[in-house]
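So the structure is just underneath, and the comments pick up after that.
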Amino acid sequence: NKGEMEISIITINYNNKAGLTKTLKSVLEQDAYTNIEYIVIDGGSTDGSRETIEKIEDKLAYWVSESDSGIFNAMNKGLAKVTGDYIIFINSGDTLYDKTVISQFLSVNRDLDVYIGDTVIEYSKERKQIWKSPDNVSMRQLFSASVSHQATFFKKDIIIKYGFDESLKIVSDWKLFLQLFMKDNCTYEKLPFIVCTFEWGGISSTDTCNYKERYSVLRTFYSDREIMDFNSLVKGGTKEEQLFKEIN
């Protein structure tokens, strides 16, 4: 298998031993693990996470446990180490949906920039919901919502080009999607399967700060008139529209 395509999986973690244990298990159990370069970036955890990583370090291509300046700094540290053809981030607490996710991706005819599959959002043990990946990623899609970075396979060259903007605390992944889809017109295909289970409750799940950062990002790409037009095109009196009005 080693002569075939390699998928780099990056997991970042900070003081979330239970979540990390679940994530590591879901990656290590992949039936195509010989095609995986697995990288784990820990932020200097003191809850036993480091010891958990040490137990399986022989299965990792690279790992480190040291302080960082936040989520996107940790994700960039992982990107600095990748050699795989495609990259996916499965962060602490999130899991690959089943043991066949990577082998399913390897069976796709891959030459495009970005592939996104479906995501199961786990609000609680009792409440789950499927977040479908779009057939195409439009400005309207990104303006009113986003796509799931946990279910996204990025071609290495295109994600290395930008990485994650560390000046942003919440929406750096969303900014990356804007750059790739709206500015670079990257090639894309929807994957016909569920890629991951995403544990609800991270910092990007909170509203007002999220939208303030989104608005600051939009202003780096678009004029206020363009943003006003996007706002009017996203119909339905959504919370997003109200928040953008408040910020503006």
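Brief remarks on what is shown
- Among the strands (runs of 3 or more DSSP E) confined to the stretch 86-142, the ones with at least 1 residues that are closer than 11 Å to T197 by Cα and basic (K, R) are located at 128-131.
- Among the residues of the stretch 32-55, just one is part of a loop (DSSP other than H, G, I, E, B) and among the acidic types (D, E), namely D47.
- Once the stretch 17-31 is narrowed to residues that are outside any loop (DSSP other than H, G, I, E, B) and either open to solvent by 50 Å² or more (accessible area, probe 1.4 Å) or of a type in the set (S, T, Y) (or both), the residue that is farthest from D98 (Cα to Cα) is K17.
- Taking the criterion of being open to solvent by less than 10 Å² (accessible area, probe 1.4 Å) and either more than 12 Å from the chain's Cα centre (by Cα) or of a type in the set (D, E) (or both), the residues of the stretch 80-93 that qualify are G84, Y86, G93.
- Tallying residues that are closer than 22 Å to R110 by Cβ, of a type in the set (D, E, K, R) and either in contact with a strand residue (DSSP E or B) (Cβ under 8 Å, 6 or more places away or on another chain) or at pLDDT below 95 (or both) within the stretch 1-34 yields 3.
- Selection count, the stretch 174-204, where residues are more than 16 Å from the chain's Cα centre (by Cα), among the hydrophobic types (A, V, I, L, M, F, W, C) and in a helix (DSSP H, G or I): 1
- Residue selected from the stretch 148-172 under the condition under 19 Å from I12 (Cβ atoms) and free of Cβ contacts under 8 Å to residues at least 40 places away in the same chain, by the criterion surrounded by the most Cβ atoms within 10 Å (Cβ to Cβ): Y162
- Of the residues making up the stretch 57-66, not a single one is open to solvent by less than 20 Å² (accessible area, probe 1.4 Å) and aromatic (F, W, Y).
- Within the stretch 176-207, considering residues that are open to solvent by 70 Å² or more (accessible area, probe 1.4 Å) and among the β-branched types (V, I, T), the one modelled with the lowest pLDDT: I203
- When S144, S138, S148 are checked against the criterion of being under 12 Å from the mean Cα position of the chain (by Cα) and among the small types (G, A, S), a single residue qualifies: S148.
The values are calculated or read from the model by the stated rules, or taken from the named source; none is laboratory data. If you're wondering where the values come from, they're calculated on a predicted model, not measured in any experiment. Note that each Cβ is placed from the backbone with ideal geometry, even for glycine, and that neighbours are counted across all protein chains shown. Surface accessibility is based on the protein's heavy atoms, side chains included, excluding ligands, DNA and RNA. Shrake-Rupley method; radii C 1.70, N 1.55, O 1.52, S 1.80 Å.
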